[in-house]
Amino acid sequence: GDSVTQTEGQVALSEEDFLTIHCNYSASGYPALFWYVQYPGEGPQFLFRASRDKEKGSSRGFEATYDKGTTSFHLRKASVQESDSAVYYCALGFAQGLTFGLGTRVSVFP
Amino acid sequence: GALVYQYPRRTICKSGTSMRMECQAVGFQATSVAWYRQSPQKTFELIALSTVNSAIKYEQNFTQEKFPISHPNLSFSSMTVLNAYLEDRGLYLCGARDGASSAETLYFGSGTRLTVL
């Protein structure tokens with residue numbers, strides 16, 4: 001079946017550090033790819049998506065590029081802030097629903 | 001923007017009893033609603049996908065007999081957890097699709113956290 005793998009379970013950074021979270025997917029078709037962010041006590045919030053190879057999605061300074069060749073959709077942010085502390089989920093989607101990765105907990109310290 | 005409200009935010013029920021949770025889409029037409037359960041052990045488990053005027057599709061390990069869902073219009077859905085037991089604990093999330101925009105994007109509510117005593 002379809003699956004999403006996030007390499008990092010937890011990431012600890014200082015403010016203004018560069019953030020990378022690696023996401024790789026396995027799917028039988030050509031899925032849309034997503035990033036969601038979840039804060040404590042809340043549901044996951046949609047960050048952005050990409051639907052085709054080489055398409056870049058971005059929001060709030062975060063970005064990721066759909067790479068069909070390496071089946072990846074890595075999340076990056078050039079300079080993180082304490083308010084970016086949250087759990088980030090990569091997901092792939094077809095008409096029948098979204099499949100999520102296990103999430104990456106990002107902690108940013110002042 | 002697309003907003004999804006879920007209520008109650010938290011609920012506690014005794015083992016063997018049932019509880020109902022509701023999901024309201026505001027500002028868009030929720031042509032499809034996906035119900036998920038989030039738990040520390042299993043991240044997001046898709047329970048079922050409900051599309052207005054179509055049959056509700058349940059995932060393996062989830063049944064209509066245990067998790068009946070109603071999706072009567074483009075702004076509202078509800079799900080009941082029947083005969084809840086400890087293994088049903090978790091955060092139940094409603095994700096709604098905007099029929100007017102990107103087909104697969106789900107907008108989630110804050111969830112209903114179920115505790116079973």
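Tabulated data for the structure shown
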quantity	calculated
Failed criterion for B:Phe44 (all others in (1) in a loop (DSSP other than H, G, I, E, B); (2) facing chain A (nearest Cβ under 10 Å) hold)	(1)
Which listed residue is within 14 Å of another protein chain (Cβ to nearest Cβ), on the phi > 0 side of the Ramachandran plot, at pLDDT below 95 and in contact with a strand residue (DSSP E or B) (Cβ under 6 Å, 6 or more places away or on another chain), from A:Gly97, A:Gly103	A:Gly97
Residue within the stretch B:80-91 that is touching a residue at least 24 places away in the same chain (Cβ under 8 Å) and within 10 Å of chain A (Cβ to nearest Cβ) present	yes
Residue count, the stretch B:81-93 (criterion: out of contact with any Phe, Trp or Tyr (no Cβ under 6 Å at 6 or more places or on another chain) and within 19 Å of A:Tyr39 (Cα to Cα))	3
Tally, over the stretch B:3-24, of residues that are within 17 Å of B:Arg97 (Cα to Cα) and either modelled with pLDDT of 95 or more or in a loop (DSSP other than H, G, I, E, B) (or both)	6
So B:Glu59, is it under 21 Å from A:Ser3 (Cα atoms), surrounded by fewer than 19 Cβ atoms within 10 Å (Cβ to Cβ) and within 10 Å of another protein chain (Cβ to nearest Cβ)	yes
Conditions (1) more than 8 Å from every other protein chain (Cβ to nearest Cβ); (2) assigned to a loop (DSSP other than H, G, I, E, B); (3) not β-branched (Val, Ile, Thr): number failed by A:Gly43	(1)
Tally, over the stretch A:1-23, of residues that are of a type in the set (D, E, K, R) and in contact with a strand residue (DSSP E or B) (Cβ under 7 Å, 6 or more places away or on another chain)	3
Pair list, Cβ < 6 Å and 6+ apart or interchain, from the stretch A:82-110 residues that are outside any strand (DSSP E or B) to residues that are polar (S, T, N, Q) and modelled with pLDDT under 95	A:Leu102/B:Thr43
Among the candidates B:Arg97, B:Arg20, B:Arg37, residue that is more than 29 Å from A:Thr5 (Cβ to Cβ) and either within 12 Å of chain A (Cβ to nearest Cβ) or among the basic types (Lys, Arg) (or both)	B:Arg20
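The values are calculated or read from the model by the stated rules, or taken from the named source; none is laboratory data. What you see is a predicted model, and the numbers here were worked out from it, not measured in a lab. Because the Cβ atoms are built from the backbone with ideal geometry, glycine has one as well, and the counts that use them run over all protein chains shown.
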